[in-house]
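Structure, as structure tokens:
The values are calculated or read from the model by the stated rules, or taken from the named source; none is laboratory data. Keep in mind that what you see is a predicted model, and the values were worked out from it rather than measured. Don't worry about glycine lacking a Cβ; one is built from the backbone with ideal geometry, like all the others, and counts go over all protein chains shown. The area values use the complete protein model at the heavy-atom level, side chains included, leaving out ligands, DNA and RNA. Shrake-Rupley method; radii C 1.70, N 1.55, O 1.52, S 1.80 Å.
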Amino acid sequence: QGSQTSLRRRLPYVGPLHSLSFKLLGLSRDQVVTPARLREFCDLANLAPPKTSSGYVSDEIDTTLPGDLGFSPDEIEVVQYVASAAAHRMIPVEDALDLIQWEQASRTTPERIVYLVGRYHTWKQEHDLLDFDDMLVRGLLLNPPVRAILADEVQDNSPLLWSVLDAWAKDKPLLVLSGDPYQCQPAGTMIRTTQHGDV
């Protein structure tokens, strides 16, 4: 019972990993790539703004673009996907290009996307901005003031998400992971990939 505000006060370290990283890093909204700030980048790079307000976050290891979205993505949407896929899978941007269904992203080229991803990262650095993926990368260096780590839906975790959990649980007496093996690929198995290898 009670409001969301009172619930957050009582349970300050419950939430998505990027939200907890945001809190632990002491960030403000002015330091985040919001949809409005992303439109600023699009104007600078002469790109059409994204069709969706939140863009793509490639934190599920079996996700490809455009999947079931039902439209051919614009360049900024491919840029967001490739940048996020590279961060979450902890691979070079050039390798993340292999995840694109280029026949459905025919409005651009792999070379141009690599250029635009680099420009996006430079723009964030110049304006001291972080996106959700950056929060997770910085989250690897954080140590939440809790005694236990509980994580659910771990069947969808990317290598980056697993690495954050590994880092946060390193000195904690309890780590509890919950997931649905029937949502994994192949069905019925749970595959855990971290920066330390496969478990």
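Count of the stretch 103-136 residues, restricted to those that are over 18 Å from Ser21 (Cβ atoms), among the basic types (Lys, Arg) and either in a helix (DSSP H, G or I) or open to solvent by less than 80 Å² (accessible area, probe 1.4 Å) (or both), is 2. For the condition within 30 Å of Ala169 (Cα to Cα) and touching a helix residue (DSSP H, G or I) at 6+ places or on another chain (Cβ under 7 Å), Val137 qualifies.
May I ask you to list the residues in the stretch 122-139 that are over 20 Å from Val82 (Cα atoms) and under 13 Å from the mean Cα position of the chain (by Cα)? Explain how you work it out, then say what you get.
Step one: list which residues in the stretch 122-139 are over 20 Å from Val82 (Cα atoms), which gives 126-128, 139.
Result: Gly139, single match.
Among (1) in a helix (DSSP H, G or I); (2) within 24 Å of Arg29 (Cβ to Cβ); (3) open to solvent by 20 Å² or more (accessible area, probe 1.4 Å), which single condition is Leu142 missing? Result: Leu142 passes all but (1). Screening Asp156 with (1) open to solvent by 40 Å² or more (accessible area, probe 1.4 Å); (2) under 18 Å from the mean Cα position of the chain (by Cα); (3) of a type in the set (D, E, K, R) gives one miss only, at (1).
Of all residue pairs spaced 6 or more apart or on separate chains, those with beta-carbon atoms under 9 Å, a first member in the stretch 9-22 that is closer than 10 Å to Leu136 by Cβ and part of a helix (DSSP H, G or I) and a second member that is open to solvent by 80 Å² or more (accessible area, probe 1.4 Å) and among the basic types (Lys, Arg) are Ser21/Arg138.
Being at pLDDT below 90 and either in contact with a helix residue (DSSP H, G or I) (Cβ under 6 Å, 6 or more places away or on another chain) or of a type outside the set (A, V, I, L, M, F, W, C) (or both), is that true of even one residue in the stretch 27-43?
Initial filter on the stretch 27-43 (at pLDDT below 90): none.
No - not one qualifying residue is present in the stretch 27-43.
Out of all the residues in the stretch 76-97, is one or more over 17 Å from the mean Cα position of the chain (by Cα), within 21 Å of Tyr115 (Cβ to Cβ) and modelled with pLDDT of 90 or more? Yes, because at least one residue in the stretch 76-97 is over 17 Å from the mean Cα position of the chain (by Cα), within 21 Å of Tyr115 (Cβ to Cβ) and modelled with pLDDT of 90 or more.
Once the stretch 23-46 is narrowed to residues that are in a loop (DSSP other than H, G, I, E, B) and in contact (Cβ under 8 Å) with a residue 24 or more places away in the chain, the residue that is most open to solvent (accessible area, probe 1.4 Å) is Leu25.
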